[in-house]
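Note sheet for the following structure.
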Amino acid sequence: MSELTHRSRLLILAVCCTSLLIAGLDATAINVALPDIGRDLNASVSGLQWTIDGYTLAVAGLLMLAGSSADRIGRRRVFLGGLALFTASSFACSLAVRLDWLVAFRVAQGLGASMLTPVALSILTDTFTDPRERTRAIGLWGGTFGLSLALGPVLGGLLVACAGWRSVFWINVPVGVAAIVLVAVLVPESRTEDTPRPDPAGQALVVTALAAVTYAIIEGSHRGYGSILIIGLLALAAAATTLLAGYEHRRHRPPIDPAFAGAALSAVAAFVALSGFLFLNTLYLQDVRGYDVLHAGLLTAPMAAAAAIASPISGRLTATHGPRVPLIAGGGVLLLAAVLLATTVVPATGLPALLAAYALFGAGFGLVNAPITATAVSGTPHLSADVSGAICSTARQIGSCLGVALLGSIVTAHGSPHGGYSGYTAAGHVGWWLLAGCGALIVVLGITTAKGHEASTAAQDGGSLAVALLFRQRSESFGDVGGGDEGFDGDRRDERRGDRVGAYPGVDGEGAQDGRVGA
């Protein structure tokens with residue numbers, strides 16, 4: 001790859017950050033538009049669930065396939081395809097006149113989004129060859145997730161209030177077209193010669209299990225969980241999961257590190273809590289409290305702000321104490337926030353108490369992400385860092401999908417909030433207690449599977465330090481990192497798929513073994 005100018009590298013960084021931003025915004029902004037979509041398209045609660053879960057199902061099912069395909073056939077090619085599909089399907093979503101059309105176009109959006117996030121990160125590591133510059137770039141790219149979380153409900157509320165729910169999709173079109181042009185002009189093609197062989201059987205089993213259990217949860221609330229269809233789907237999901245476990249047992253060298261398995265389960269629980277919170281809270285604020293879409297979006301700002309503040313704190317805690325402390329703390333704060341919501345939220349709950357609970361929830365969510373990512377960075381002995389990171393990213397998407405399915409089904413079972421306050425109040429209490437259970441599960445997993453600083457292996461210490469460094473960059477942007485260039489190894493870029501510690505930007509394998517970064 002020919003040497004890129006500094007300006008070109010910054011433009012590529014902007015394009016990659018934009019791809020993550022629009023994908024993240026699309027996943028969260030639509031939540032505040034759900035009541036308007038329901039009224040305009042005459043959609044039931046289960047129909048609204050599918051507008052969200054159609055997207056997350058596609059992302060979760062194809063995230064790993066998209067990343068490995070990009071390594072094999074070319075990152076620029078796959079990235080352009082993802083942007084084109086995401087942009088075109090966004091425009092199609094804005095034209096949908098029936099719910100089934102909207103859901104179908106949302107699935108197409110998810111297919112496009114699955115090609116953006118993993119490929120953008122690989123493009124950045126190839127573009128920024130200087131280790132310190134690469135670390136800053138990836139830190140800024142990672143911080144974009146927090147920005148999308150914060151802006152999603154607020155921007156979505158503003159757009160819906162001004163131009164209707166279809167504008168949530170319109171905004172993606174000009175941004176996507178501009179990104180396509182910039183990628184075509186600026187981003188050189190790159191690929192990896194030594195890539196794992198395709199795994200279509202494993203991919204098909206993942207999609208089958210996730211789709212079957214999601215459909216059973218969503219549709220079971222009104223078809224009846226004892227119906228033949230729902231029982232058959234649950235049996236299919238169980239069979240696919242069992243086959244997947246046996247297949248992967250033979251394909252890879254087991255066993256999976258318990259710490260890594262705990263981190264993946266924690267990711268599922270954390271994103272069940274987040275997606276469930278956004279779905280349930282949207283219905284509460286707009287259909288029960290009667291707030292318009294703009295005010296409903298603004299009221300979620302304390303949650304997003306607290307998450308943005310807690311994330312870098314969690315990164316530093318992970319670096320100094322290992323994953324266990326922030327994971328337990330984050331799960332505990334999530335548990336406390338959900339208990340407060342379960343015991344205090346009624347149609348007339350005062351705003352100070354409500355916003356305090358939202359802020360606590362955001363802080364808890366922000367705390368759990370760094371230790372999960374740190375464990376994914378360290379991976380397991382028989383998985384590369386790219387694969388283990390992709391597994392945790394997939395776990396997050398699975399959690400998002402299940403959260404909407406579970407909380408929407410609870411609302412449906414107790415009566416839609418459109419029908420009055422009493423049905424929502426009962427559903428809300430059950431839902432908040434379910435989210436409290438997610439927080440409790442994270443605490444238990446942190447105690448039983450996460451490793452403290454004194455027990456961490458060299459790879460896990462390196463992963464923790466890498467995550468802390470990335471989160472540090474979220475607050476320092478392009479400021480100095482560490483004490484100098486020592487401890488960085490820029491020549492390791494092409495070896496990142498084979499070295500679980502040295503693979504990560506700004507972290508040298510030898511330095512990680514000594515527990516030092518840039519020492």
Inset, instruction - Express the relative contact order of segment 1-186 as a whole percentage, based on alpha carbon pairs under 8 Å and six or more residues apart in sequence. - result: 39 percent
Legend entry - Projected area averaged over orientations for segment 200-251, convex hull of C-alpha atoms, nm²: 3.2 nm²
Inset, instruction - With only Lys, Arg, Asp and Glu charged, each at its Cβ (+1 for the first two, -1 for the last two), find how big the charge dipole of segment 1-186 is about the Cα centre; round to the nearest 20 debye. - result: 280 debye
Inset, instruction - May I have the pair-distance distribution P(r) for segment 1-186, computed from all Cα-Cα distances with 10 Å bins from 0 and rounded to whole percent? - result: 10, 37, 34, 15, 4, 0
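Since every read-out is calculated from the coordinates, none of them should be taken as a lab result. Here the structure is a predicted model, which is why all the values come from computation and not from measurement. Cβ: placed from backbone, ideal geometry, glycine included. Neighbour counts: every protein chain shown.
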